[in-house]
Every structure is written in structure tokens, then in C-alpha cells.
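Encoded as C-alpha cells, the structure appears first; notes follow it.
The values are calculated or read from the model by the stated rules, or taken from the named source; none is laboratory data. Predicted model only: the values in this text are computed from it and were never measured. Cβ sites come from the backbone with ideal geometry, for glycine too, and all protein chains shown count toward neighbours.
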Amino acid sequence: MAGFCRSLSLVGLLSLSFSSVAQEVVSPLETLDCGGLEPHWGLEVDGNTATVIDMDMKEIPYVLTAVNSTSGYRNHWFYSAQEKGGKHLSFTIESSGQCGDSMSDFNYQYKVLLNVNDEEAFLGCCNRIK
């Protein structure tokens, strides 16, 4: 029985070491600059990083953990990300070409719905930055 327990724990360690070798997740939309009002907030997506900018202009970096396009639609993406301290970030991007911030006449290419740690949700707009 003791040999079986050692084998089982060795298998558990091996599976942990394999799962820690994750492939880097990168945004398919290149670099995005997003934002919203009431309250003022921002989101920058660049490569494998999503940075939330809060109303105090504090930048909080998250590492992308997953990006999925929706089945049947080529203009919707769902992102997941994790912060160093363990907070979770999820957001959806929709390519609509019809997003406005209600305070200007500027039209953005993407809509964004942002959820921070399942505590706060924000709606805004994005454009690609080349």
C-alpha cells in the first residue's frame, strides 16, 4: 500500500509539472485600446497582457490565460486573464463598427464588456492600435 501511495503522489507531481508548462496566450486582435465612462476606465490589450486602468489612473496588469472566438460568429471573442495577486479578469470583444461613448461623435470599431474579479462589470468601446 505504501508503494502505491508513493506512485500516486509521483504521478500527481508529474501532472503538475506538465500543466505548469502552458502555452502563451496572445490576442488575435493585436493591440486594442478600450475605454468607458461613468466611471472612467480603460483597458489595453497588447500581446499576452491586458492592463486595466482604473479611475485613479492606476494600471493593473493581467496575463491572458485564454482567448476564444465564438462558434458560428467570426466577430466575437471571449478573453480570460489572471492578475499576479489572483484576481480574475474576463471580457468580450465584439466587432460591430457601431460603438459610441455617448460623450462624443467618435465611432469605435469594437464593443467591450469587462468583468473584474466577478465584482464589477463595465461596458465600453475599443479600437485597434497599429
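Before moving on, here are some points about what is shown:
- Condition met for TYR73 (surrounded by 16 or more Cβ atoms within 10 Å (Cβ to Cβ) and under 25 Å from ASP101 (Cα atoms)): no
- Once segment 49-76 is narrowed to residues that are more than 13 Å from LEU89 (Cα to Cα) and polar (S, T, N, Q), the residue that is modelled with the highest pLDDT is ASN68.
- Candidates are the residues of segment 87-125 that are at pLDDT 90 or above and of a type in the set (A, V, I, L, M); the one that is nearest to the chain's Cα centre (by Cα) is LEU89.
- Candidate set from segment 101-125 (those that are among the small types (Gly, Ala, Ser) and without any contact (Cβ under 8 Å) to a residue 12 or more places away in the chain); member that is nearest to LEU43 (Cα to Cα): ALA121
- Restricting segment 28-70 to residues that are surrounded by fewer than 18 Cβ atoms within 10 Å (Cβ to Cβ), of a type in the set (A, V, I, L, M) and more than 10 Å from the chain's Cα centre (by Cα), the residue that is farthest from PHE122 (Cα to Cα): LEU29
- The number of residues in segment 75-100 being of a type in the set (Ser, Thr, Tyr) and over 12 Å from LEU43 (Cβ atoms) comes to 3.
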